[in-house]
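Presented below is the structure to which this report refers.
Taken together, the values in this text are just the output of simple stated rules run on the coordinates, not laboratory data. A quick note: this is a predicted structure, and the numbers were derived from the prediction, not measured.
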Amino acid sequence: MLPQHSAVRNRMPDTRVQTINEEAAEWLVRMAEGPLTSTEQATWQQWHDRSAHHAEAWSRAETVLHKLVQVPKPLALPILHDAGRSRRAALARIGKLMLGAAAVPLAWQAWQSNVRRALQADQCTASGEQRTLRLTNDVQILLNTASALDTPVQGEKSLLRLYAGEVLVDAQQSPQPLSLASPHGILEAHAARFAVRVWPHYSQLVVVSGSLSLETQPNTRIRAGEQLRFSNGRFEHSRTDLDAALAWTHGLLLADQMRLDDLAAELARYRKGVIDCDPHIAALHVSGTFPVGSAAATERSFAMLADIHPIEINLRAAGLWVTWRALPENNFRHA
């Protein structure tokens with residue numbers, strides 16, 4: 001037993017705490033990449049046993065990874081944004097989370113509170129799950145992977161609350177007004193069919209039919225074939241490709257000259273764990289139609305990528321840690 005860890009830790013300089021956290025994160029990521037050699041195992045054990053601070057840092061690292069695997073990705077994104085794109089990013093984010101849990105308990109507790117609130121929503125989907133709901137006789141909803149949605153009906157007006165993820169709402173035949181609130185604003189629908197996705201710093205609306213308006217911009221109508229990105233009063237209005245935007249409703253992802261690290265981030269939405277894309281190939285542009293909708297579907301996408309491009313893809317830690325690397329004989333060049 002290691003007594004009084006917290007008291008000891010609080011007397012340590014912050015820079016030393018951060019260094020130990022970074023070392024723990026490095027070991028965590030290394031273990032996720034594959035089994036340690038006997039030499040590495042001995043080195044890790046020596047590091048772990050060096051002091052109570054090291055042992056506690058390791059415990060926090062394991063706790064952080066467990067929380068992030070269990071929590072739907074969009075709920076973790078405000079803190080773990082883009083960590084799945086590279087090993088360096090994963091190390092940095094895990095280290096910051098560990099330092100936050102140790103040195104900034106109020107911030108850590110606030111994040112946990114937000115996660116609990118979303119997980120208590122009326123409807124939550126797991127990674128790789130889609131769910132069809134009927135709100136009323138005239139309103140049907142399709143909830144995408146790792147999403148959280150409240151569906152209260154307040155009198156004659158329906159107010160949906162999308163905390164995380166993505167939803168397709170079909171209210172074309174509804175005579176009643178319908179609103180959808182995301183973390184970044186409130187939309188008012190007018191006999192419309194539309195999709196909304198929550199990103200870390202903004203929400204995105206795509207209109208299939210009918211029209212919608214943003215509560216703060218009631219005179220600006222977003223119509224079929226248009227999209228709106230909005231964030232707390234700021235917005236960007238443009239045309240969109242409906243086939244690409246709604247491909248997920250058919251279990252597909254349409255990539256048109258998409259960066260490889262962006263594709264990794266998209267596929268990661270449909271499975272637990274991390275897809276670690278080597279920075280050396282991150283800027284490679286790929287096009288194609290990739291299966292999504294489940295972890296098994298993403299693995300078919302992995303196989304497609306490996307067949308078409310000189311990329312080595314490995315699954316570690318029961319599939320929770322996926323690595324994308326350039327084959328040794330290939331040097332990628334990008335314009």
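In the stretch 251-326, the DSSP beta bridges split such that about 75 percent are antiparallel, to the nearest 5. Taking 0.36 nm per residue of separation and subtracting the Cα-Cα distance, full extension of the segment from A224 to I313 would add 28.1 nm. For N137 and R325, the difference between the fully extended length at 0.36 nm per residue and the C-alpha to C-alpha distance is 62.7 nm. Compared with the direct C-alpha span, the chain from E40 to A126 gains 27.4 nm at full extension, assuming 0.36 nm per residue. As a length-normalised measure over Cα pairs under 8 Å and 6 or more apart, the relative contact order of the stretch 237-307 settles at 34 percent.
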